[in-house]
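Asker: For reference, the structure I am asking about is given below.
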Amino acid sequence: MRHDAPRSLTVLGATGSIGASTLDLVGRAPERFRVEALTANSSAEELAKAARAVGAKLAVVADPAAYGALKQALSGSGIEAAAGAEAVVEAAERPSDFVMSAIVGAAGLAPTLTAVRRGAVIGLANKETLVCAGALFKDEVRKAGATLLPVDSEHNAIFQVLDRERPEGVEKIILTASGGPFRSWRRSDMAGVTPEQAVAHPNWSMGAKISVDSATMMNKGLEVIEAAYLFDQPREKIEVLVHPQSVVHSMVAYVDGSVLAQLGAPDMRTPIAYSLAWPARMQAPVERLDLGRIGQLTFEAPDEVRFPALRLAREALATGAGAPSVLNAANEIAVAAFLNRELGFLAIAEVVESTLERLAGRGIPDLESVLALDHDARRLAQEAQARQAVRA
Ligand code: NAD
Ligand code: MG
């Protein structure tokens, strides 16, 4: 790909937190990008506004019920409108150099894989796709010669400092974690946590699902699995370190005792800009890191007793096969129920654990089996959640 020619770009999940940050950067450097397609779940007006602002050719809502509103909001713009899950996949199929994968959850799997199969450069924010289909996903990337650029801040940091040519020199990967809003809370105090408290992250402003994942620390668990697949690392080499300031985004330790880190203000526009411009760099309007003002950076070991989700994710990675898919699907159901006030905060991990117990060991040799396992895990998690609700 030439780097002086504008990059054509598709954003899956354009109305979300990552999608909006991506379009913010694109809007500041219009000469560098041409927007092919934008997709969203159901927020038709917001999507149409974004599509008009960046001059997209196509806008797609996954929810067919939002088609009328989208059509109307785009009238007179010349921007094509479409709706339905298949239309989202078709948007990913349209030729573009770069696809930002920023749908939340396993719903992003099919469109992201479609973009992978046509050999696109993928900015991967949607970690759930890698967690639920890890080995298969990586196989497809290799087969198609696609390029996977991690957008998740920790993995983007690792990508920037990891010597991929000489893996024998790498001793371990150290994923940093903010610890979330309940980092120093007693477990008993977490029982009554509300969705409002859980989504109020101390450092990052993010979508609701990932904010809850940060609060349970399932996010870090998903990220351990994400790192294992992305960087082909055995789980023993992936360590988690709590770092409440979210300035050191992650580190790689080498066999000679060197530790390389990537630092920056906690603003997703830095890793997004890195992926959009890769292998060059582009301006990002983020606060510059002022370590003198910050003064102190602190680190502490994670507590898997108060935050069992982290242990569950590690166990799922150790079990291998379909266990990470089950973990992810059950977590998506439990988090949605928590956000709907149908499930307690501490019960999220309990639903995940009981679903894992019932489906452990199922293999995922192909994409159909991933989708079937995801489906079954969601059903069992829903049952477990209903049992919890009756008890409460
Ligand atoms: P968000 O909830 O703000 O946005 C999600 C986007 O996906 C929206 O555009 C929504 O319309 C779309 N969407 C939701 N369900 C869909 C469906 N069924 N079909 C099609 N589209 C659907 O989420 P976010 O915080 O932007 O996170 C997106 C992804 O990036 C997640 O996987 C998250 O883990 C990851 N991520 C986010 C951050 C962050 O700072 N927000 C950081 C690292 C990784
Ligand atoms: Mg992250």
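Asker: Using modelled backbone amide H atoms (1.01 Å from N, in-plane), which distant-in-sequence or interchain residues come within less than 5 Å of Ala177's amide H?
Answerer: Leu241, Val242, His243
Asker: With every protein chain present, what is the per residue accessible area of segment 130-180 (1.4 Å probe, Å²)?
Answerer: 35 Å²
Asker: Next up: With both partners inside the chain, how many of the DSSP beta bridges are antiparallel, as a percent to the nearest 5?
Answerer: Within the chain, antiparallel bridges account for around 25 percent of the total.
Asker: Give me the one-decimal nm value for the distance between modelled label points at Asp163 and Glu196, 7 Å along each residue's Cα-to-Cβ direction.
Answerer: If labels sit at Asp163 and Glu196, their model points lie 5.2 nm apart.
Asker: Specify whether the C-alpha gyration tensor of the chain places it in the rounded, prolate or oblate class, a ≥ b ≥ c being the square roots of the eigenvalues: rounded for a/c under 1.5, otherwise prolate if a/b is larger than b/c and oblate if not.
Answerer: Cα axes put the chain in the rounded bin.
Asker: Using θ = phi - 60° and the Karplus form 6.51 cos²θ - 1.76 cosθ + 1.60, what ³J(HN,Hα) does each residue of segment 48-54 get, whole Hz, x for Gly and Pro?
Answerer: Each residue of segment 48-54 in turn: 4, 4, 5, 5, 5, 4, 9 Hz.
Asker: Let me ask you something else. Using a simple charge model, +1 on the beta-carbon of Lys and Arg, -1 on the beta-carbon of Asp and Glu, nothing else, what dipole does the chain show about its Cα centre, in debye to the nearest 20?
Answerer: Charge dipole, the chain, about its Cα centre: 480 debye, nearest 20.
Asker: Any chance you could check the Cα centroid distance between segment 290-352 and segment 88-131 for me, in angstrom?
Answerer: Centre-to-centre distance over Cα atoms comes out at 24 Å.
Asker: Also, quick follow-up: For Asp63, what is the net charge nearby, where nearby means another residue's Cβ is under 14 Å from its Cβ and Lys, Arg count +1, Asp, Glu -1?
Answerer: For residues surrounding Asp63, the net value is -2.
Asker: Still on this structure, I have one more. I'd like the accessible area for Glu315: 1.4 Å probe, protein heavy atoms, all chains in place, Å² to the nearest 10.
Answerer: My reading of the accessible area for Glu315 is about 90 Å².
Asker: May I ask you to evaluate 6.51 cos²θ - 1.76 cosθ + 1.60, the Karplus curve with θ = phi - 60°, for each residue of segment 101-115 and list the ³J(HN,Hα) values in order in whole Hz, giving x for glycine and proline?
Answerer: In residue order, the calculated couplings are 8, 10, 6, 8, x, 5, 4, x, 4, 4, x, 5, 5, 4, 5 Hz.
Asker: Output ³J(HN,Hα) for segment 278-283: one whole-Hz value per residue in order, computed from phi by the Karplus curve 6.51 cos²θ - 1.76 cosθ + 1.60 with θ = phi - 60°, and x for Gly and Pro.
Answerer: Working through the residues one at a time gives 3, x, 7, 10, 9, 4 Hz.
Asker: Between Arg281 and Arg362, what is the spin-label point distance in nm, taking each point 7 Å from the Cα along the Cα→C-beta axis?
Answerer: Output for this residue pair reads 4.7 nm.
Asker: Among Leu343, Ala29, Ile225, whose Cα lies farthest out toward the positive end of the dipole of the chain, if unit charges sit on the beta carbon of Lys, Arg (+1) and Asp, Glu (-1)?
Answerer: Ranked along the dipole, the leading option is Ala29.
Asker: Okay, next question. With r defined as the distance between the Cβ atoms of Lys71 and Arg118 and R0 fixed at 35 Å, what FRET efficiency is calculated, to the nearest 0.05?
Answerer: 0.80
Asker: What size of dipole, in debye to the nearest 20, comes out for segment 139-210 about its Cα centre when the only charges are +1 on Lys and Arg C-beta atoms and -1 on Asp and Glu C-beta atoms?
Answerer: Result for segment 139-210 is approximately 200 debye, rounded to the nearest 20.
Asker: Got a sec? Charge dipole of the chain, +1 on Cβ for Lys and Arg, -1 for Asp and Glu; which of Thr114, His249, Leu47 is way out at the positive end?
Answerer: Positive-end residue among those listed: Leu47.
Asker: Restricting attention to segment 134-174, which trypsin sites (Lys or Arg not before Pro) occupy a DSSP loop and are surrounded by at most 11 other Cβ atoms within 10 Å?
Answerer: Qualifying residues, ordered by number: Arg164.
Asker: Which whole-number percentage describes the relative contact order of segment 80-233, with Cα contacts under 8 Å and a sequence gap of 6 or more?
Answerer: Reported as a whole number, the value is 18 percent.
Asker: Continuing with this model, one more query. Taking a 1.4 Å probe, which of Asp24, Asp374 shows the most accessible area, and what order do the others take after it?
Answerer: My answer, sorted largest first, is Asp24, Asp374.
Asker: How much mean residue ellipticity at 222 nm does the chain get from its helices, if each DSSP H run of length 4 or more adds -39500 (n - 2.57) and you divide by all residues, to the nearest 500 deg cm²/dmol?
Answerer: About -14500 deg cm²/dmol.
Asker: Looking at the square roots a ≥ b ≥ c of the eigenvalues of the Cα gyration tensor of segment 245-392, which shape do they give, rounded for a/c under 1.5, prolate if a/b is larger than b/c, or oblate?
Answerer: prolate
The values are calculated or read from the model by the stated rules, or taken from the named source; none is laboratory data. Quick caveat: nothing in here was measured; it's all calculated off a predicted structure. Cβ atoms come from the backbone with ideal geometry, glycine included; neighbour counts cover every protein chain shown. Surface areas here come from the heavy atoms of the whole protein model, side chains and all, with no ligands, DNA or RNA. Shrake-Rupley method; radii C 1.70, N 1.55, O 1.52, S 1.80 Å.
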